[in-house]
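Every read-out reported here was derived from the displayed coordinates using simple, explicitly stated rules and does not represent laboratory data. Bear in mind the structure is a predicted one, so any value in this text is a computation, not a measurement. Counting neighbours? That spans all protein chains shown, and the Cβs are built from the backbone with ideal geometry, glycine included.
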Amino acid sequence: MDRLPLGLRLRSSFGTGTDASETPNSMSDLIPTQRDQCDKNRRLFLCRVLQATSTISVAVTALPSRSEAGEVGARITRAVTQSDLGVSVRRSVVQGAQVMDKMDGRWEKFSDNFGLGAERSRREGRPKPRDVPDLLPLDAAAARSILKVSDDTFLSIVPLTEQELTSRVAKVDSLVRKSFERSGLSIDESIMNADTYNYLSYIHFKAFCDILVDKNINFNQFRKNFESQLGDKLLSILDPDSANRDDGKRETGPDALRQKLRVALGSVDDLAHSLQSKGMVALVERSNPDDESVTDWSEDLSDLQFSVTLDIDVTQNAQILLQEQGYRLFPNYARFAIAATLKRKLSPMRQEVITDEYYMDTSYSSDPDLFEVKQVLLNIVVESA
């Protein structure tokens with residue numbers, strides 16, 4: 001699948017210009033041109049407003065500093081930046097820009113809804129919605145095992161007792177449980193479903209992050225060790241036969257490298273099936289690297305890049321919430337496991353695996369207020385170590 005690894009929804013803005021040499025042959029040809037002219041006039045008006053704003057900004061920033069103009073310059077600067085009139089003008093400029101931005105956004109949504117503009121008229125239609133199956137029932141035993149190995153991995157790296165960690169998790173639980181319940185979430189640890197699993201993942205990883213901050217631990221080194229060790233342990237839960245599929249050969253050369261890649265990608269596919277069958281992710285899809293890219297990579301001419309999409313990951317809300325709170329450690333178990341299986345197969349061949357995640361809304365909309373994460377896209381790069 002050919003996708004750009006973007007994590008942000010950008011408001012659609014389609015070009016509406018036409019060639020001046022074109023002349024309408026019919027009324028149907030004339031109508032888009034009139035619409036285009038309206039678009040040009042609107043954009044010209046916005047450009048002039050922005051130019052006026054830039055002129056005011058330049059005038060403010062270009063005032064002489066106190067060191068250059070002495071006391072007179074300082075008084076001018078204070079008049080512009082601190083006086084009631086100066087503050088009012090600057091505030092009006094900012095508010096005017098905000099109003100123009102809102103007007104432009106509303107026009108774009110209006111144009112998008114009614115197919116206005118030459119480029120929109122050429123499109124066959126909006127992208128078809130993805131056909132994503134419903135989540136299967138969560139494997140409660142696997143979910144509890146994942147939470148347990150997450151705690152064990154954390155304790156193996158951070159000097160902390162199990163009782164201390166349990167106490168910190170309980171503290172986070174007492175602080176946030178009521179907020180989650182007020183939002184409509186029913187939490188019952190005795191019945192491990194997707195919502196409870198997401199909540200428990202959140203409070204465990206929130207406790208991890210709080211402890212790391214309190215103990216002032218080197219986060220980059222910790223994160224590398226934690227994700228690597230946890231990924232290996234997750235494979236024993238999600239895909240216990242992964243190690244048995246390794247042929248054990250340590251041959252070198254492009255042919256051997258390509259063979260190892262085929263084995264590694266096969267392991268990713270098996271892991272994807274396991275994630276879906278255990279109710280961890282609704283749908284997992286992997287892009288296929290083209291033959292030319294694989295050949296260049298095997299001959300050490302370039303890196304190899306492909307992607308894995310995770311539709312409706314049960315812990316994606318916990319991941320997003322922790323990142324919104326400023327933390328960089330979050331429960332993306334699928335990424336940990338996929339990276340681990342690739343490293344297990346390719347590291348002996350002196351290959352390094354780098355993974356990044358991007359949060360996507362797969363539904364088409366020109367309204368940024370309707371953005372809703374529905375998919376986690378993993379961008380994977382394999383390069384020579």
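Brief remarks follow.
- If only the Cβ of Lys and Arg carry +1 and only the Cβ of Asp and Glu carry -1, the dipole of region 129-254 around its Cα centre is close to 460 debye.
- Relative to the Cα centre, the charge distribution of region 274-385, modelled as +1 at Lys and Arg Cβ and -1 at Asp and Glu Cβ, gives a dipole magnitude of about 760 debye.
- Pairs from 224/343; 178/224; 224/374; 171/215 whose Cα-Cα separation, in the structure shown, is over 23 Å: 178/224; 224/374
- Just so you know, the Rg over Rh for region 124-241 is 1.05, from Cα atoms, with Rh as the Kirkwood radius.
- Our compactness index for region 219-320, the C-alpha radius of gyration over the empirical 2.2 N^0.38 Å, is 1.23.
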